[in-house]
2 protein chains.
Amino acid sequence: MTRQQPDLTFSDFQQLIRTMYLRKDVARGVEGTFMWFMEEVGELAAALRDGSHAERAEEFADVLAWLTTIANVVNVDLGEAVRRKYGDGCPGCGQFECRCADSGKP
Amino acid sequence: MTRQQPDLTFSDFQQLIRTMYLRKDVARGVEGTFMWFMEEVGELAAALRDGSHAERAEEFADVLAWLTTIANVVNVDLGEAVRRKYGDGCPGCGQFECRCADSGKP
């Protein structure tokens, strides 16, 4: 029997990570926290190169957690930030299916 | 007048990015997409060092978008991944407010 869980929101996750780690992360500061984030980015790169699906999923989760904890330290609301940047379509061409030139950034 | 918007879910954002960029990202492949992701990580580092709040928010959004697009290419569900890793408490100590030793990873 599978219990259906509601879709996780950015706001819920950011609050979860805030409760879990904010005290430590504020004490450590942005620079030290960023170095932990980069270590996880490296582990994600390794998992993308030759990890299993489960290992990749775990590394994505860790990168997201460390990114979120940095956002907490500097008071950035991630859900609001992505909605503002991407909620009205591609920032380059304004379309919901990007039509920027393939040579361009996105 | 402000229209209240529902909290953005990981699932909604991952679908938005899938619609916007998947065709290009699959064509570019994981390696090329990862390099764009790293460029955005560098821009985030710069914004954390001396950017405004708005600039920081924009760079967090870009890092999230590129991370999400890599997840799309390798079929990782980000909401499920973070729920599995962090939904039952800190992966280190199992507590919702982390009590791992300060010298430890989190």
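Among the criteria (1) assigned to a helix (DSSP H, G or I); (2) of a type in the set (A, V, I, L, M, F, W, C); (3) more than 7 Å from every other protein chain (Cβ to nearest Cβ), the one B:L64 does not fulfil is (3). Among the residues of the stretch B:34-72, the ones that are crowded, with 23+ Cβ neighbours inside 10 Å and among the hydroxyl-bearing types (S, T, Y) come to 2 in all. Taken as a whole, the condition of being within 20 Å of A:A46 (Cβ to Cβ) and at the interface with another protein chain (Cβ under 8 Å from one of its Cβ atoms) does not apply to B:F13. Of everything listed in (1) more than 9 Å from chain A (Cβ to nearest Cβ); (2) at negative phi, the single unmet condition for B:A71 is (1).
When B:G92, B:G32 are checked against the criterion of being part of a helix (DSSP H, G or I), over 20 Å from A:V76 (Cα atoms), at pLDDT below 95 and more than 7 Å from chain A (Cβ to nearest Cβ), a single residue qualifies: B:G32. Determine, yes or no, whether A:E39 is within 14 Å of the chain's Cα centre (by Cα) and in a helix (DSSP H, G or I). Criteria not met by A:E39. In the stretch A:42-59, the residue that is nearest to the chain's Cα centre (by Cα) out of those that are among the acidic types (D, E) and more than 7 Å from chain B (Cβ to nearest Cβ) is A:E59.
Yes or no, residue by residue, for (1) within 25 Å of B:C90 (Cβ to Cβ); (2) not β-branched (V, I, T):
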{"position": "A:A57", "(1), (2)": "yes, yes"}
{"position": "A:A65", "(1), (2)": "yes, yes"}
{"position": "A:V74", "(1), (2)": "yes, no"}
{"position": "A:R83", "(1), (2)": "no, yes"}
{"position": "A:Q95", "(1), (2)": "no, yes"}
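Within the stretch A:73-99, track down each residue that is surrounded by 18 or more Cβ atoms within 10 Å (Cβ to Cβ) and touching a residue at least 24 places away in the same chain (Cβ under 8 Å). Residues satisfying the conditions are A:V73, A:L78, A:G79, A:V82.
The values are calculated or read from the model by the stated rules, or taken from the named source; none is laboratory data. Just so it is clear, the model here is predicted, and its values are computed rather than measured. Methodologically, a virtual Cβ is constructed for each residue, glycine included, from the backbone with ideal geometry; neighbour enumeration extends over all protein chains shown.
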